[in-house]
Amino acid sequence: MELENYFEKMWKSYIELIPQASKIKNLLEAEGESITNDHIALRTFNLDETSIDVISQPFLDLGYIEKGEYHFKEKKLYAKHYEYPGNTRPKIFISELLVKEFSLDFQNTIRKIVKSKPAEFYRDKELMLVGRPWELSHKEYLALQAESDYGAWLAALGFRPNHFTISVNHLKKYTELTDLNNFLKLKGFELNSSGGEIKGSQAVCLEQSSTLADSVKVKFSDISVTIPSCYFEFAKRYVQSSGELYTGFVAQSADKIFESTDKGQ
Ligand code: NI
């Protein structure tokens, strides 16, 4: 597997769920910008078959190195991020849902769908292109959603990138996140305003914003229903006191960004 090729295929799978991302990319390119991806965010369940350790292995095999770890207590998530030497490739941010912290019914549904495939299935080097590999009814989706929007999203859409992220540091014209946000709003895109449009600050060396999730019609085992799909993210990083550009993530900001795919948004 070649990295660029995998990223290209992941981008294609992503924009199928979020046509607004390719529209935004095209609009910025028409403004003379070229797009650099800051990070790709992936989601999984923390069962043995699908844990972060399993999901991250193909990236480690391709030269990525484990960096930071993050706890999202309220959302019952744990995450790690991975960097490519020299940061010449997008960072990979992988979060996992702490399944055991939910009701027994919730746990049973997640275990049932995950275990409908053999463990080797989840070690596929291109797992993030498979989409949803299991059966799920809309009724089950709603029951999961009552406890976790994240869990419902993952159960319904499966393994695919949750979001790509434009690196504002690499833009020439829209060098401030506020400028980029204003440009996007002017073009008719809606931004996630949960916790303010800009999450984070220069003080924590990272500012992020995102669109509200697009929507997609999903064929459940009983009926087809339109649900929130993916969002597009924008990040600006600042130089730390050490003189180096900050490459980590800020749990408090990401906590709010996760809400971009919530049902109420
Ligand atoms: Ni992100």
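The values are calculated or read from the model by the stated rules, or taken from the named source; none is laboratory data. Just so it is clear, the structure is predicted and the values come from calculations on it, not from any experiment. Cβ coordinates were reconstructed from backbone atoms using ideal geometry, including for glycine residues, and neighbour counts include every protein chain displayed. Protein only, heavy atoms only, side chains kept; ligands, DNA and RNA dropped before computing areas. Shrake-Rupley method; radii C 1.70, N 1.55, O 1.52, S 1.80 Å.
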Report task. Would you please state the base-10 log of I(q)/I(0) at q = 0.11, 0.13, 0.16 1/Å for the chain, with intensities from the Debye formula using one equal scatterer on every alpha carbon? Result -> -0.58, -0.83, -1.29
Requested in this report: Quote to one decimal, in nm, the extra length available between LEU3 and ALA146 on full extension: 0.36 nm per residue of separation minus the C-alpha distance between them.
Outcome: 47.8 nm
Query raised in the report: What's the extension gain from LYS23 to GLN57 if we count 0.36 nm per residue and subtract their Cα-Cα distance?
Result: 9.0 nm
Query raised in the report: For region 3-130, what number results from the quotient of the Cα radius of gyration and 2.2 N^0.38 Å?
Result: 1.18
Query - In order through region 8-13: 3J(HN,Hα) via Karplus (6.51 cos²θ - 1.76 cosθ + 1.60), integer Hz, x for Gly, Pro - result: 4, 5, 5, 4, 5, 5
Query raised in the report: How many times 2.2 N^0.38 Å is the alpha carbon radius of gyration of region 133-248?
Result: 1.31
Requested in this report: With a ≥ b ≥ c taken as the square roots of the eigenvalues of the C-alpha gyration tensor of region 220-265, please select rounded if a/c is under 1.5 and otherwise prolate if a/b is larger than b/c or oblate if it is not?
Outcome: prolate
Requested in this report: Starting with the highest mean, order 227-239, 101-113 by the number of other Cβ atoms within 10 Å, averaged over the residues of each peptide.
Outcome: 227-239, 101-113
Query raised in the report: Rounded to the nearest 0.05, what FRET efficiency do LYS172 and LEU129 have when you use their Cβ-Cβ distance and R0 = 22 Å?
Result: 0.10
Report task. Please go through the residue pairs LYS187/LYS217; LYS125/LYS219; LYS100/LYS236; LYS12/LYS139; LYS139/LYS187; LYS67/LYS185 and name each one whose alpha carbons sit more than 31 Å apart in this structure. Result -> LYS100/LYS236; LYS139/LYS187; LYS67/LYS185
Report task. Quick one: grab Rg to one decimal and Dmax as a whole number for region 51-98, Cα atoms only, in Å. Result -> 11.1, 33
Report summary line: One finds, for GLN202 and SER242 with R0 = 25 angstrom and r their Cβ-Cβ distance, a FRET efficiency to the nearest 0.05 of 0.95
Query raised in the report: Of all the accessible heavy-atom surface of region 131-239, with the other protein chains kept in place and a 1.4 Å probe, what percent is carbon and sulfur?
Result: 49 percent
Query raised in the report: Measuring from centroid to centroid over Cα atoms, what is the spacing of region 151-190 and region 55-126 in Å?
Result: 21 Å
Query raised in the report: Percent relative contact order of the chain, based on C-alpha pairs within less than 8 angstrom and at least six residues apart?
Result: 21 percent
